[in-house]
Amino acid sequence: MVFLLGGLTTVGTNKIAILSDSEGPSYRAYLSPFYIDKYEVSNRKFRQFIHATGHRTQAEELGSSFILTAIPKLKSTSSSQEKVVVDSPWWKLAKNANWNHPEGLNSSINGILDHPVVHMSWNDANAYCNWAGKRLPTEAEWEYAARGGLNDRLFPWGNNPIPKGQHRMNIWQGKFPRENTADDGYIGTAPVVNSYLPNAYGIYNTIGNVWEWVYDWWSRRDGQLRSRQDISNNPKGPNSGVKKVQKGGSYLCHKSYCYRYRCAARNAAPPDTSAINLGFRCAMDMKMFGSNDH
């Protein structure tokens with residue numbers, strides 16, 4: 001894990017790209033010191049949790065989860081095993097897709113144990129964190145960690161998505177959703193360790209690769225106008241809600257469809273949602289560190 005001092009930080013942005021996501025207005029927050037995982041939780045780590053606890057993920061309980069599919073013809077009929085999402089026809093609900101079988105029953109995590117675990121619901125992520133003696137980061141903590149000390153920048157390294165021609169994140173390259181050129185080195189997920197350069201805090205893959213669940217319930221910000229003097233102390237979002245916040249974007253993000261691979265960007269889904277691009281990393285209070293670290 002990486003230790004972060006916290007302090008005064010800015011959350012969100014006033015340069016809003018997706019209005020419906022309530023990326024802004026930005027607000028100031030004070031964060032206590034905390035730890036955050038250097039890497040996204042891997043298949044290997046999650047498998048240890050499964051072996052230790054017998055936990056069954058929500059995708060396993062449901063018997064299906066969302067994966068990417070070839071674009072179907074509009075007149076085609078979906079099978080009972082693969083239900084296409086009408087407004088996003090590249091998604092299908094695939095039978096037996098889960099963390100251990102990412103593409104369905106005939107797929108395996110063998111060979112990708114060091115890739116991020118996927119098909120994670122918020123509830124699964126929270127269960128792992130509890131087992132590990134950790135917790136999910138808040139949205140404010142996640143954003144502070146992702147920025148690496150650079151406030152008001154699109155990405156952890158600045159505003160150029162490919163600085164000096166060097167890819168720094170795993171997102172969709174080419175024309176979404178029909179062509180992925182893999183110019184960044186990967187068609188699917190990338191290993192959690194050393195696939196790209198870390199940010200200035202030594203944290204990897206906060207942008208792209210897989211969406212990361214955070215603690216907060218989603219809420220709109222546009223009605224939460226604050227004065228310049230207002231500072232939120234360790235904000236954790238509302239006490240209840242319908243959807244949980246996701247941060248960072250994924251390898252399936254493309255500017256034409258999902259321009260959410262930015263530090264301030266956010267997405268949200270019900271806490272029992274799972275998909276092939278949903279993962280997480282853990283955080284920890286200073287007082288928790290070392291108590292039960294798996």
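Computed from the coordinates by the stated procedures, all read-outs in this text should not be read as laboratory data. These numbers come from a predicted model, not from an experiment. Don't worry about glycine lacking a Cβ; one is built from the backbone with ideal geometry, like all the others, and counts go over all protein chains shown.
Between the Cα long axis of helix 43-53 and the first principal axis of the chain there is an angle of about 90°, rounded to the nearest 10. How many percent of the alpha carbon pairs in segment 174-288 exceed a separation of 16 Å? When all Cα pairs of segment 174-288 are counted, 68 percent exceed 16 Å.
Computed from backbone phi, the HN-Hα couplings of segment 235-241 come to x, 10, x, x, 6, 8, x Hz, rounded to whole numbers (Karplus: 6.51 cos²θ - 1.76 cosθ + 1.60, θ = phi - 60°; Gly and Pro given as x).
In the elastic network of the chain, a GNM with C-alpha springs shorter than 10 Å, the most mobile of Q246, Q166, Q58 is Q166. Among 44-53, 258-267, sorting by the average number of other beta carbon atoms lying within 10 angstrom of each residue, highest first, gives 258-267, 44-53.
Once the Cβ-Cβ distance of V242 and I18 is raised to the sixth power relative to R0 = 25 Å, the FRET efficiency obtained is 0.85.
Distance between the modelled labels on L113 and L197, one decimal in nanometres: 3.1 nm (7 Å Cα→Cβ projection).
Couplings 3J(HN,Hα) of segment 244-258, computed from phi: 9, 7, 10, 10, x, x, 8, 5, 9, 7, 9, 4, 6, 10, 9 Hz, in residue order, whole Hz [Karplus 6.51 cos²θ - 1.76 cosθ + 1.60, θ = phi - 60°; x for Gly and Pro]. For the chain, the mean residue ellipticity at 222 nm estimated from helices alone is -3500 deg cm²/dmol, where every DSSP H run of n ≥ 4 contributes -39500 (n - 2.57) and the total is divided by all residues, rounded to the nearest 500. Apply the a/c threshold of 1.5 to the C-alpha gyration tensor of segment 6-67 and tell me whether it is rounded, prolate or oblate. Note, shape of segment 6-67 comes out oblate.
For T13, the residues whose amide H sits under 5 Å from its own are G24, S26, ignoring neighbours fewer than 5 places away on the same chain, with H placed 1.01 Å from N.
Computing FRET efficiency as 1/(1 + (r/R0)^6) for D272 and N106, where r is the C-beta to C-beta distance and R0 is 22 Å, gives about 0.30.
Shape class for segment 103-221: oblate, because the ratio a/c of the largest to smallest gyration tensor axis (alpha-carbon atoms, square roots of eigenvalues) is 1.5 or more and b/c is at least a/b. Dipole magnitude for the chain: about 440 debye, using +1 per Lys or Arg Cβ and -1 per Asp or Glu Cβ, origin at the Cα centre. When the C-alpha to C-alpha distance is required to be over 30 Å, the pairs from K92/K247; K38/K95; K45/K175; K164/K244; K15/K134; K15/K38 that qualify are K38/K95; K45/K175; K164/K244; K15/K134. Dipole of the chain computed with +1 at Lys/Arg Cβ and -1 at Asp/Glu Cβ about the Cα centre; of A265, I203, Y251, farthest Cα towards the positive end is A265.
As a proxy for reagent exposure, ranking S65, S42 by other Cβ atoms within 10 Å from fewest up yields S42, S65.
For segment 261-271, putting each phi into the Karplus relation 6.51 cos²θ - 1.76 cosθ + 1.60 with θ = phi - 60° gives couplings of 8, 9, 4, 7, 5, 8, 9, 7, 7, x, x Hz, in residue order, rounded to whole numbers and with x for Gly and Pro.
To make sure I understand, if each residue's beta carbon is the centre and we count other beta carbons within 10 Å, what order do M1, M169 fall in, fewest to most?
On the way: M1 18, M169 25.
Listing M1, M169 from fewest to most nearby Cβ atoms yields M1, M169.
Starting from the Kirkwood Rh over alpha-carbon pairs, what translational D in µm² s⁻¹ does the chain have by Stokes-Einstein at 4 °C and 1.567 mPa s? Walk me through the intermediate numbers first.
Working: Rh = 19.4 Å.
The diffusion coefficient I find is 67 µm²/s.
Helix 122-131 and the longest principal axis of the C-alpha atoms of the chain enclose an angle of approximately 70°.
Running a GNM on the chain with Cα contacts under 10 Å, which residue among T69, T273, T189 ends up with the highest mean-square fluctuation? In this elastic network of the chain, the residue with the biggest mean-square fluctuation among T69, T273, T189 is T69.
Each of W172, W218, W90 has some number of other Cβ atoms within 10 Å of its Cβ, and from fewest to most they run W90, W218, W172.
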